[in-house]
Amino acid sequence: MSSPATFDPISLEIMWKRLIGIADDMWTTVLRTAVSTIIGAAQDFGCEILDATGSSIAHSNRSMPVFNLVMPTVTRAVIERHPLETMQPGDVYITNDPWLCAGHLDDIATITPVFRRGQVVAFAVTIAHTTSIGGSLSNRTVRDIYEEGLRIPVLKLYDAGELNQTAWAFIRENVRTPEMVLTDIEATLTANDLGVRRISAFLDEYRLDNLETVVHEIQSHSEHAMREAIRALPNGVYENDVWADGLDDPAHLHCRVTVHDDSIDIDYAGSDPQRTRGGLNCTLIYSQAHTVYPLKCLLSPEVPANEGTFRPFTITAPSGSILNCDVPASVGSRVRTGWHLHALLFGALETVMPDRVQAGNGLMSSIHVYGQERNGSFYNAHFFTAGGRGASQGRDGIGRNCFPSSARNVPCEVFELRTPVLIQQRSLRTDSAGAGQWRGAFGHRIVFSALPGYDRPLSFFLNPDRLRFPAAGMDGGEDGPCTEIIVNGHLLSIEELGSGQVILESPDDRLELHIPGGGGFGPPERRDPQRLEDDVRSGLVAPDHAVVPQAADD
């Protein structure tokens, strides 16, 4: 089975699915053993199998998309610092360096080599968003990476099976709720260990010395599919601009997309310089990851991604820019910039792919609650909740989906079990999406208070998006609304939001969030009358806001 000639299409498909299945089993292991809401409920993590060079082979179907490009980069960084010939069975490496890993300190990577007959033949890798990495609780106030928490260089967490107690102690003493953080890291180690054992069993079953021939075939198939999809586009240069909220001032993003035969170059020159505070900056690897993913969705959605998928793309951004920041820039809120790249690219390619692009998204919001109970224990939980997605040609927006993340909405019940918070209401909101021939998915209203009987101040840490710029409509569709934050009936301005900390002092206080819906696609007057009638009947479109459809042309 060691010759590529033996890999007929059916055998190759089976082997490919088997490797994806191993990554899926790793992912399920993390889900079942992690304890934080951000991993166990929001599912902000990913698992991948890579070859001995650090090239990706297969990732879990539920992996966070941005991590799928990041895991090869961080694995190659490990190999550069710890050459293959120095590795031993039982070694495990760890890092959260934003310029090597996933763009901010909260995402920790664990990398475990797989050995066969004394040689490294693969890696099992997991990246997961820890619930704390120390530093400031308000990303809006930080000025550099040093204020954002503990930065872990590439180092051995396990050396031939022996735990690096010094590294473990450094992590434990520099994070909030350390037992939760360390248990989540152990969940990723358990997943990697499962991956190592399953890959070894796979090699035994197929009598392979390594994965090289399998990898070549799989990656070539993915690369061919992507290049053929690109070849179907007209050659040309396509540009676009979008604005993100920024902090004190809006952030301007620009892209230049060059399609040439079977490859695409993306240049972000013209985007703003890096920001001096607020964590809005993206490292280059993070910008690249949030570029490849939406292009993969547009061009080759059916073929599993791996190293071959990435090869047709060249992605650049000027050093020192908001999309390629330099050390020691703050990066903790990089999603508030990076999550706008798909809209930037969709807008650039709208003229050549009008049937595939999507109007603007309401985007996801993260609410973080941290504090101390009367018994001295600490609570520490994140509540992820998605806005409505934008519409596309022929389809209304998908509801409450976290795109361009694959994170899940945290169930109210889970969040309430982990914190002294009561969610008074979570409901869809009337007129909270952009109208169009196809409308955006609706946003929603969430009301928080302290649990009955909890008589201590309750701190919420918010860093919302869409305060200035709503989800944009496309092809004549209307924009969605902006995010609104209301405390005891008072709508906060951007200036009043300040650091992002909202304190509920008494049990009667209320924090209310209006999460926006997506933009519409196509002129509202062209909407199907039956669909519009259904919208009004549902109560999600007010009768006086309904745009009367035009009569069909003869």
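Worth pointing out:
- Residue list for region 385-418, restricted to those being in contact (Cβ under 8 Å) with a residue 12 or more places away in the chain, open to solvent by 10 Å² or more (accessible area, probe 1.4 Å) and either closer than 23 Å to Asp509 by Cα or in a helix (DSSP H, G or I) (or both): Pro411, Cys412, Val414, Glu416, Arg418
- Residues within region 113-128 that are of a type outside the set (D, E, K, R) and surrounded by fewer than 24 Cβ atoms within 10 Å (Cβ to Cβ), tallied: 5
- Highlighted here are the helices (runs of 4 or more DSSP H) found entirely within region 222-340 that include at least 1 residues which are touching a residue at least 12 places away in the same chain (Cβ under 8 Å), open to solvent by 40 Å² or more (accessible area, probe 1.4 Å) and not hydroxyl-bearing (Ser, Thr, Tyr): 284-299.
- Residues that are acidic (Asp, Glu) and without any contact (Cβ under 8 Å) to a residue 24 or more places away in the chain, drawn from region 480-507: Glu495, Glu496
- Pairs with Cβ under 6 Å, 6+ apart, first in region 512-538 and open to solvent by 30 Å² or more (accessible area, probe 1.4 Å), second modelled with pLDDT of 95 or more: Glu512/Val447; Glu512/Ile486; Arg526/Gln437
- Candidate set: region 15-40, residues that are surrounded by 24 or more Cβ atoms within 10 Å (Cβ to Cβ) and among the small types (Gly, Ala, Ser); chosen: the one nearest to His104 (Cα to Cα): Ser36
- Subset of region 165-213 [in a helix (DSSP H, G or I), farther than 25 Å from Ser132 by Cα, charged (D, E, K, R) and in contact (Cβ under 8 Å) with a residue 40 or more places away in the chain]: Arg198, Glu212
- Region 239-283, residues that are closer than 17 Å to Arg140 by Cβ and acidic (Asp, Glu): Asp245, Asp248, Asp249
- Residues in region 539-554 that are open to solvent by 60 Å² or more (accessible area, probe 1.4 Å) and over 13 Å from Gly434 (Cα atoms): Pro543, Asp544, Val548, Gln550, Ala551, Ala552, Asp553, Asp554.
- In summary, His514 fulfils each of the numbered conditions (1) out of contact with any Gly (no Cβ under 9 Å at 6 or more places or on another chain); (2) farther than 18 Å from Glu416 by Cβ with the single exception of condition (1).
- Test: residue in region 140-157 that is modelled with pLDDT under 95 and open to solvent by less than 50 Å² (accessible area, probe 1.4 Å): yes
- Scope region 89-112; condition closer than 22 Å to Asp204 by Cα and open to solvent by 10 Å² or more (accessible area, probe 1.4 Å); matching residues: Pro89, Gly90, Thr112
The values are calculated or read from the model by the stated rules, or taken from the named source; none is laboratory data. Just so you know, these numbers come straight off a predicted model, no measurement behind them. With ideal geometry, Cβ positions are generated from the backbone for all residues, glycine too; neighbour counts draw on all protein chains shown. The area values use the complete protein model at the heavy-atom level, side chains included, leaving out ligands, DNA and RNA. Shrake-Rupley method; radii C 1.70, N 1.55, O 1.52, S 1.80 Å.
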